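The values are calculated or read from the model by the stated rules, or taken from the named source; none is laboratory data. For clarity, every value in this text was computed on a predicted model and none was experimentally measured. Quick reminder, even Gly has a Cβ in these numbers, built from the backbone with ideal geometry, and neighbours come from all protein chains shown.
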Amino acid sequence: MNTQKLAEVIAAIAKTIEENKEFLTQLDNEIGDGDHGINLARGFAAVEQKLPTWANTDIGTLLKGVGMQLVSTVGGASGPLYGTAFMKAGMACKGMTELDGPAFAAAMEAAVEGIKMRGKATEGEKTMLDALCPALRAVKAAVESGKSLKEALQDGAAAAEQGVAYTKTIIATKGRASYLGERSLGYQDPGATSSWYMLRTMAEHIDE
Ligand code: ADP
Ligand code: MG
Ligand code: MG
């Protein structure tokens, strides 16, 4: 995948977030403050506007730009977290003009590590990490077994979907939902859900 294609994939993510912003906000209404979809849609709309300015750069510059834009426009907990993720991925792809399976897996690993560090969270705390960590493991396993980037992302998205279902079964110990304690049980985490949507959109829009 080249820079142009990645920009198209990011535009597709912006569209998915916009289409699902009400549902994401509704999920956040149940266990948070009801702004996750609105926050993310505002951020990705700003990203989409800036995409043409990165069209002739490299993958690292594009991803870093996306991250910086998200940090400055999304707000809340998820803005700095997703922003850090894209910026870390960008640093892992510095100067690259082609993204293949192994490079994607390395970039995703840097992104997930960045989220863990920034949010001081780990798996099992009912956050976006419960979608992203299993997804990363699936992507790495797929790449190691020689699957294409598209197949790896399909496996990653499937693992993220299962991770979203898992968040319904656990109590939140990070973020606003943690204020609810046991009352957070039974609800799916909004950030895990948006992470799953992003991976699913990438899998759908990447060429074979
Ligand atoms: P806020 O809670 O500030 O309103 P959002 O609603 O945009 O922010 O995002 C909430 C999501 O952020 C949660 O559903 C969760 O997935 C994620 N989140 C919150 N805190 C953390 C954390 N410390 N580490 C990882 N993810 C987190
Ligand atoms: Mg919120
Ligand atoms: Mg908020």
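Output the qualifying pairs, or none if there are none: Cβ atoms under 7 angstrom, residues six or more apart or on different chains, first residue in the stretch 192-203 and more than 11 Å from T127 (Cβ to Cβ), second residue polar (S, T, N, Q) and at pLDDT 95 or above.
What qualifies is Y197/T16; Y197/N20; T201/T16; A203/Q154.
Would a scan of the stretch 137-155 turn up a residue that is within 16 Å of ligand 1 (Cβ to nearest atom) and touching a residue at least 12 places away in the same chain (Cβ under 8 Å)?
no
For (1) of a type outside the set (A, V, I, L, M, F, W, C); (2) under 27 Å from T167 (Cβ atoms), each residue gets a yes or a no:
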{"position": "V47", "(1), (2)": "no, yes"}
{"position": "W54", "(1), (2)": "no, no"}
{"position": "V71", "(1), (2)": "no, yes"}
{"position": "T84", "(1), (2)": "yes, yes"}
{"position": "M91", "(1), (2)": "no, no"}
{"position": "F104", "(1), (2)": "no, yes"}
{"position": "E109", "(1), (2)": "yes, yes"}
{"position": "G114", "(1), (2)": "yes, yes"}
{"position": "E125", "(1), (2)": "yes, yes"}
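Do any helices (runs of 4 or more DSSP H) lying entirely in the stretch 1-54 carry at least 1 residues that are in contact with a Gly (Cβ under 7 Å, 6 or more places away or on another chain), and which ones are they?
21-31, 36-50
Which residues, counting only those in the stretch 134-165, are crowded, with 18+ Cβ neighbours inside 10 Å and within 17 Å of P190 (Cβ to Cβ)?
Passing the criteria: A135, A160, E161, G163, V164.
Of the conditions (1) within 19 Å of the chain's Cα centre (by Cα); (2) farther than 24 Å from A12 by Cα, L136 satisfies every one except a single condition; which number is it?
(2) is the only condition that L136 fails.
So, in the stretch 1-47, exactly how many residues are within 14 Å of ligand 1 (Cβ to nearest atom) and of a type in the set (S, T, Y)?
Summing the residues that are within 14 Å of ligand 1 (Cβ to nearest atom) and of a type in the set (S, T, Y) in the stretch 1-47 gives 1.
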